[in-house]
Every structure is written in structure tokens, then in C-alpha cells.
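> Input: one structure, supplied below.
The values are calculated or read from the model by the stated rules, or taken from the named source; none is laboratory data. Model, not experiment: these values are computed from the prediction. Methodologically, a virtual Cβ is constructed for each residue, glycine included, from the backbone with ideal geometry; neighbour enumeration extends over all protein chains shown. The area values use the complete protein model at the heavy-atom level, side chains included, leaving out ligands, DNA and RNA. Shrake-Rupley method; radii C 1.70, N 1.55, O 1.52, S 1.80 Å.
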Amino acid sequence: QVQLVESGGGLVQAGGSLRLSCAASGRTFSTYAMGWFRQAPGKEREFVAAISWGGGTTYYEDSVKGRFTISRDSAKATVYLQMNSLKPEDTAVYYCTAGPRPVRTRDAYNYWGQGTQVTVSS
């Protein structure tokens with residue numbers, strides 16, 4: 001089993017930055033690909049970013065390219081999402097996830113965190 005705990009969400013002005021963290025426990029962290037999804041009220045959960053277990057390959061949803069950066073620190077069993085130039089449309093609950101490969105499809109991941117709220121005001 002893998003447990004994932006997100007942190008770092010909050011309220012920020014448009015154009016500002018936040019860094020989300022996701023701490024993993026229960027398994028060898030380096031063997032898992034990691035990702036971030038988000039879900040706004042009344043909308044479907046959507047892919048944001050993913051990273052391979054070795055950290056050498058990353059994927060991003062088009063609307064966050066150039067603004068968000070996913071990274072991981074295997075020694076600390078933690079994955080990060082650095083979010084810059086935030087927009088009101090980025091407002092959502094952000095979920096950390098882990099699975100065998102850094103794919104874009106929600107049902108391919110095995111474990112999920114509880115989510116952390118990100119609110120961007122205009």
C-alpha cells in the first residue's frame with residue numbers, strides 16, 4: 001500500500017505562485033511514477049502533470065505548460081508541483097497520484113491523496 005499526503009494549497013492572487021508537496025509512504029517511492037490531477041466544482045477531474053519514477057520524463061496539460069513544473073525528490077519520498085503565473089481558472093482541488101507509468105489517464109493510477117485546495121483570486 002502507498003499513502004499520499006498533499007500540502008501547500010491555499011489562497012493566492014492571480015499571477016502569484018504556490019508549491020504543492022506530496023509525501024509518500026508505505027512502499028519504495030522511487031519505483032512509482034507520480035502525477036497531479038485537479039478538480040474544480042462541477043467539473044471532471046483533469047490531468048495536470050506527471051513524472052516518471054526516475055524523474056527524467058515529464059508531461060503537462062497544455063494549459064499549464066510553461067507555468068507549472070513537476071519534480072520529485074526520491075530521498076525524501078516527495079513529489080512537488082511548482083505553480084507560477086497562477087490564473088483564476090487554476091482554482092481547484094489538486095490531487096497527488098501514484099502508479100506504474102506517468103500516463104495522462106485517471107484510471108491508470110493506483111493511489112490517490114486526499115487533495116489540497118488551491119484558490120486563485122482575480
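> Touching a Cys at 6+ places or on another chain (Cβ under 7 Å), of a type outside the set (K, R) and at pLDDT below 95: does that describe T57?
No: the conditions fail for T57.
> Would you pick out the residues in segment 1-24 that are more than 16 Å from N84 (Cβ to Cβ), in contact with a Cys (Cβ under 9 Å, 6 or more places away or on another chain) and not small (G, A, S)?
The answer is L4, V5, E6, C22.
> While we're looking at this one, here's another question. Among residues belonging to segment 98-115 that are open to solvent by less than 20 Å² (accessible area, probe 1.4 Å) and either at pLDDT 95 or above or outside any strand (DSSP E or B) (or both), point out the one that is nearest to R19 (Cα to Cα).
Out of the qualifying residues, it is G115.
> Let me ask another. Give segment 20-41 a look and list any residue that's of a type outside the set (A, V, I, L, M) and at pLDDT 95 or above, or say none.
S21, C22, G35, W36, F37, R38, Q39
> A further question on this structure: Name the single residue that is nearest to I70 (Cα to Cα) among those in segment 1-57 being loosely packed, with under 15 Cβ neighbours inside 10 Å and of a type in the set (V, I, T).
My answer is T57.
> Residues of segment 58-88 being of a type in the set (D, E, K, R), farther than 19 Å from G16 by Cα and open to solvent by less than 60 Å² (accessible area, probe 1.4 Å), which ones?
E61, R72, D73
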